[in-house]
Structure formats: structure tokens, C-alpha cells
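Peer 1: Pasting a structure here, questions to come.
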Amino acid sequence: MFKIGDFSRLGQISVRMLRHYDDLGLLHPAYVDPATEYRYYTIEQLPRLNRILALKDLGLSLEQIAQLLHNDLPIEQLNLLLHAKQNELQQHLHDTQQRLNRIANRLRQIELEEHPLTYDVVLKSVPDCCIASVRQVVPTTADMPKYRGMLSRQLYAWLNEQDVAPSGSELVLYHLDDYRETDIDTEFAIAIDLDDNALPDLPSAPITIRQLPAVEQMASVIHSGMLREITQAITALFSWIGTNGYTTSGAFREIHLFGQETIRVRDEPVVVELQIPIERL
């Protein structure tokens, strides 16, 4: 048998709560010394205590817990309840982390307003080119690094298998009409140099070989610096488009002039060109 203090250590619960559970009829001591009124518990009572604590963590009231225990809650049902609560809390944690990331980004933008970087937006024409690409809808912005890494490795592995060398920078295309934080249609691509006769002999799934069309009017800006500061370049690009009487008319392009994304050194400066087709309002 355990004295109440030792049982509290075993069950990781305060003596005060054990006494409270006794008063409510949730967990009576196995024995109470009539002379000293010391409470004693047994090891066999630990599973019931664990059930009480688990149900309490689910947010149930002590009255509800008493009712469930009175009805002899099966362990399988308890496991289902705990797994459901675990999933709920994990989703809540994920959502909270996304909110924290958004707040951090906004704070960084506000801080940079005092010392803004200077960007020169240019208008140019871009010729067509042949690309190998893989495209997927990314669930959320928080998932973007994982998915981009996965798409990049998949594409480079396929190029190696086909013995096809890149002929230009890798790029990411976002097929969106507006800013989105969920269901982001993303295409990771690499420019290649293949003649028309070679294209039919190349397998397509999951890789696509296609011609990226020429763009007569492309708004472009170069970001040279930390990747986390690229939002300033995006802001500069879209500010220029709006103030000069243009509107967007195609997929947003992110061209990596720093090399291969998956092998770059983290937290080191990068050079990225941002492009988007435009037309007059």
C-alpha cells in the first residue's frame, strides 16, 4: 500500500486533488486508518487515476468523468477520445504556429519600412523556353518548404535518369489569381534544351515537358539579399504594376539565380528574379 503522498508522486497529482477526488467519490482510498485517518492507496488504483486524469485533459467536468467511470468506460473508447483530442490539439498548435509566423512576417515588414530596400522594376519581353516541370497543389504556406524540396528532388532525379542537363536557372511558377495561404498551385521547373524530335520519346508522368510561352510585357525585379526579405521585392513589384496602370495576366515566376534551391546554404544571401506577365488596364 502507498501513503497518500507516495501515491501522489506515483500518479503525478497533488495530495489536495486526491482528497478532492475522494470527496467527489471519483477515487476513494483503498484503506483509511481509523486511528490516524491516514489514507492509503494500492497500485491497482493507478489505472483508474490515469483514466480520471486523461478524461480531465479532454476537457470533461468531474461530474461527467464520474458518470463515465460509473458506466465502466471501455479502454478502447478512451483511446479513441484521447486520439481525437490529440489531433485537435495538434491542429490548434499548427494553426497557432502559422499565426505566429504571419505576425513575425508583418513585424519584419513594419521594421523594414524604416529602412526600405531600393528596387528597380523593369519592363521587358521574355522569349519562350522549354521546361521540365512537376506541379502540385501545396496545402498551406507553412507546407511550402517541404513540398518545394520534394518537387525539386523529384525533378532533378528524373533529369539525372534521363541524362538531360539544365540549360538555365530553376524556377517556380505560382498559378494563382490572388494571394492565397491554402491550396497553392505550384510548379517547380527547370529550363532544358531539347529539340522537338526528342520530346515524344520522353516519359511525361509525373514530369511534364512543355514550352513556357513567350511574354511580350513582363514586369521584373531582382532581389539580392536574405530570402526572408523577399516580400519587399514582391511589394515593390506589385506597387509598380498598380501605379503604372497595369494588371497581371499570367503566372508569377520566381527565378533562382543563386543556383539549386535544395543545396543552397541556409541563411545566406540569394539572388532571385521575380517576374509576372502584365497588360494595360
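The values are calculated or read from the model by the stated rules, or taken from the named source; none is laboratory data. In this text the structure is predicted, and so the values were computed from the model without any measurement. Quick reminder, even Gly has a Cβ in these numbers, built from the backbone with ideal geometry, and neighbours come from all protein chains shown. For the accessible areas, the whole protein counts, side chains as well, though only heavy atoms, and no ligand, DNA or RNA atoms are used. Shrake-Rupley method; radii C 1.70, N 1.55, O 1.52, S 1.80 Å.
Peer 1: Would you please name the residue that is modelled with the lowest pLDDT, looking only at residues in the stretch 88-108 that are open to solvent by less than 80 Å² (accessible area, probe 1.4 Å) and out of contact with any Asp or Glu (no Cβ under 9 Å at 6 or more places or on another chain)?
Peer 2: Ranking the qualifying residues of the stretch 88-108, first place goes to N105.
Peer 1: Something else about it: For the stretch 219-255, give me each residue that is small (G, A, S) and touching a residue at least 60 places away in the same chain (Cβ under 8 Å).
Peer 2: A219, S220, G225, A233, A236, A251
Peer 1: Do you know which of the residues in the stretch 1-16 that are out of contact with any Leu (no Cβ under 7 Å at 6 or more places or on another chain) and open to solvent by 30 Å² or more (accessible area, probe 1.4 Å) is nearest to R48 (Cα to Cα)?
Peer 2: Checked the stretch 1-16; the qualifying residue nearest to R48 (Cα to Cα) is Q12.
Peer 1: Go through (1) of a type in the set (D, E, K, R); (2) more than 26 Å from D6 (Cα to Cα); (3) assigned to a helix (DSSP H, G or I); (4) open to solvent by 60 Å² or more (accessible area, probe 1.4 Å) for K85 and report which single condition fails.
Peer 2: Of (1) of a type in the set (D, E, K, R); (2) more than 26 Å from D6 (Cα to Cα); (3) assigned to a helix (DSSP H, G or I); (4) open to solvent by 60 Å² or more (accessible area, probe 1.4 Å), only one is false for K85: (4).
Peer 1: Same structure, new question: Could you go through the stretch 178-193 and let me know if any residue there is under 13 Å from Q275 (Cβ atoms), outside any strand (DSSP E or B), touching a strand residue (DSSP E or B) at 6+ places or on another chain (Cβ under 7 Å) and open to solvent by 30 Å² or more (accessible area, probe 1.4 Å).
Peer 2: Scanning the stretch 178-193 turns up no residue that is under 13 Å from Q275 (Cβ atoms), outside any strand (DSSP E or B), touching a strand residue (DSSP E or B) at 6+ places or on another chain (Cβ under 7 Å) and open to solvent by 30 Å² or more (accessible area, probe 1.4 Å).
Peer 1: State whether the residues of the stretch 15-30 include one that is over 19 Å from A66 (Cβ atoms), of a type in the set (V, I, T) and within 44 Å of the chain's Cα centre (by Cα).
Peer 2: Taking the stretch 15-30 and keeping what is over 19 Å from A66 (Cβ atoms), we get 15.
Applying the additional criterion that residues be of a type in the set (V, I, T) yields 15.
Still in the running and within 44 Å of the chain's Cα centre (by Cα): 15.
Checked against the condition, which is being over 19 Å from A66 (Cβ atoms), of a type in the set (V, I, T) and within 44 Å of the chain's Cα centre (by Cα), the stretch 15-30 yields at least one hit.
Peer 1: Can you name the number of the only condition in (1) open to solvent by less than 60 Å² (accessible area, probe 1.4 Å); (2) closer than 18 Å to D185 by Cβ that P206 fails?
Peer 2: (1)
Peer 1: Farther than 30 Å from E229 by Cβ, at pLDDT below 80 and aliphatic (A, V, I, L, M): does that describe L82?
Peer 2: yes
Peer 1: Does at least one position in the stretch 35-42 carry a residue that is in contact (Cβ under 8 Å) with a residue 12 or more places away in the chain and among the hydrophobic types (A, V, I, L, M, F, W, C)?
Peer 2: no
Peer 1: Filter the stretch 21-57 for residues that are part of a helix (DSSP H, G or I) and open to solvent by 70 Å² or more (accessible area, probe 1.4 Å); which is nearest to P74 (Cα to Cα)?
Peer 2: Here the residue is R48.
Peer 1: Quick check on A251: is it closer than 23 Å to D193 by Cβ and small (G, A, S)?
Peer 2: Criteria met by A251.
Peer 1: Next question. Is one or more of the residues making up the stretch 192-215 within 30 Å of H94 (Cβ to Cβ) and within 22 Å of the chain's Cα centre (by Cα)?
Peer 2: Within the stretch 192-215, the subset within 30 Å of H94 (Cβ to Cβ) is 206.
Still in the list and also within 22 Å of the chain's Cα centre (by Cα): none.
For the stretch 192-215, residues within 30 Å of H94 (Cβ to Cβ) and within 22 Å of the chain's Cα centre (by Cα): absent.
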